[in-house]
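Here is the structure we will look at.
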Amino acid sequence: MTRLLLILLALVVSVSTALARVVDGVAAVVDGQVITRSDVDDLVGTRGPQEGVPGARDRGADALDSLIEKALVEKEAARLGVSVTDEDVENSLGEIRKRNNLDDKGFRSALASQGLDYDVYVRELRAQILRVKLAGLVLRPRIRTDEEAIKEYYLKHVSDFCEPPKVRLGHLQAADRQAAEGARARLAAGEAPDAVAKDLPGSKGYQDMGLLDVGSLSEAVRAAIQGVGPGGVAPVVELDGVCHLFLVAEEKKGGALRYEDLPDDAKQVVKNRFFDEQEQDLYRGWIDALKQKAKIERPGS
């Protein structure tokens, strides 16, 4: 369930430097647990209203929703006896430091440079780990993993997994159009590209460009190779004063394979996306169900 980390809210934390916090009102009450405006302001990265700043209201609403969700998750975790150990937190911190190639001192410094307090970061990380643990416990039994469900998902989303058309091109360049047209005629007559390249003014030799997505080619190159089959030579393409010749060595038509015929790596892509979407839907449904059962008050709403 580690992919659930990708669907949870990002860790965006701003900390007040004052030792004493001024509570400026109640933002929400979740089953008796108070969430203050200060809590919201700390999470959104500011204190008080941001008049005239686009999106400020949305950021505040998102922060409040996140804090309500956190309160619900913590209550549910307590009910089910799920907790996060110091070892859990340290293991996660170790993975984050390793991913960013930082030691502990460098990691703390990186947080500070972004205005993030280390202790609060750790506290929020602990909350994220709790969410992942609890969601894994609750949601894992509901996730379908059978091949039939995966095949059904693939068929419904087959257009998302279609292979783009590909072409393998060979390339020669010439200093001027006359030389390029002469080389094109020799290639069309069957002469070897390497031999033609040796006699071509401005040539840098024959280059096999490999198998390329047709969509990644420039419009001029796509137009030139249009209708040129394998073994054919495209018309001369002049770009920035340099003449180019493209040989079509191989073509692969785009389209979708049957699920059974997909290579293993492509099947894994389908499975990962299937599981990810299930997790997201189940997680949001679970949180919505917790909200329905809870007593949530938002003064002033």
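Test residue 152 against the stated conditions and say whether it is acidic (Asp, Glu), over 20 Å from residue 235 (Cβ atoms) and without any contact (Cβ under 8 Å) to a residue 12 or more places away in the chain.
Details: acidic (Asp, Glu): yes; over 20 Å from residue 235 (Cβ atoms): yes; without any contact (Cβ under 8 Å) to a residue 12 or more places away in the chain: yes.
When the stated conditions are applied, residue 152 passes them.
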### Filter result for residue 152 (in a helix (DSSP H, G or I), among the charged types (D, E, K, R) and within 30 Å of residue 257 (Cα to Cα))
yes
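Could you say which residue among 248, 236 is among the β-branched types (Val, Ile, Thr), farther than 17 Å from residue 167 by Cβ and at pLDDT 90 or above? Before the answer, list the steps.
Working: 248 fails: farther than 17 Å from residue 167 by Cβ.
Just one listed residue meets the conditions, 236.
Tally the residues that are in contact with a strand residue (DSSP E or B) (Cβ under 7 Å, 6 or more places away or on another chain) and touching a residue at least 24 places away in the same chain (Cβ under 8 Å), restricting the search to the stretch 208-224.
Going through the stretch 208-224, the residues in contact with a strand residue (DSSP E or B) (Cβ under 7 Å, 6 or more places away or on another chain) turn out to be 208-214, 220-221, 224.
If we keep only those that are touching a residue at least 24 places away in the same chain (Cβ under 8 Å) too, we end up with 208-214, 221.
Residues that pass the stated criteria total 8.
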### Task
Count, please, the residues in the stretch 278-301 that happen to be in contact (Cβ under 8 Å) with a residue 12 or more places away in the chain and under 22 Å from the mean Cα position of the chain (by Cα).
5
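Residue-wise test of (1) under 30 Å from residue 155 (Cα atoms); (2) assigned to a loop (DSSP other than H, G, I, E, B).
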residue: 194; (1), (2): no, no
residue: 197; (1), (2): no, no
residue: 208; (1), (2): no, no
residue: 211; (1), (2): yes, no
residue: 222; (1), (2): no, no
residue: 229; (1), (2): no, yes
residue: 265; (1), (2): yes, no
residue: 288; (1), (2): yes, no
### Complete set of residues in the stretch 198-226 that are under 43 Å from the mean Cα position of the chain (by Cα) and of a type in the set (A, V, I, L, M, F, W, C)
209, 211, 212, 214, 217, 220, 221, 223, 224, 225
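What are the residues in the stretch 170-190 that are outside any helix (DSSP H, G or I), closer than 17 Å to residue 239 by Cα and either free of Cβ contacts under 8 Å to residues at least 60 places away in the same chain or aliphatic (A, V, I, L, M) (or both), if any? Walk me through how you get there before you give the answer.
Narrowing the stretch 170-190 to residues outside any helix (DSSP H, G or I): 170-176, 189-190.
Next, only the ones that are closer than 17 Å to residue 239 by Cα stay: 170-176.
172, 174, 175 - these are the residues of the stretch 170-190 that are outside any helix (DSSP H, G or I), closer than 17 Å to residue 239 by Cα and either free of Cβ contacts under 8 Å to residues at least 60 places away in the same chain or aliphatic (A, V, I, L, M) (or both).
The values are calculated or read from the model by the stated rules, or taken from the named source; none is laboratory data. It should be emphasised that the depicted structure is a prediction, and the values quoted were computed from it without experimental measurement. Every residue, glycine among them, receives a Cβ derived from its backbone with ideal geometry; neighbour counts consider all protein chains shown.
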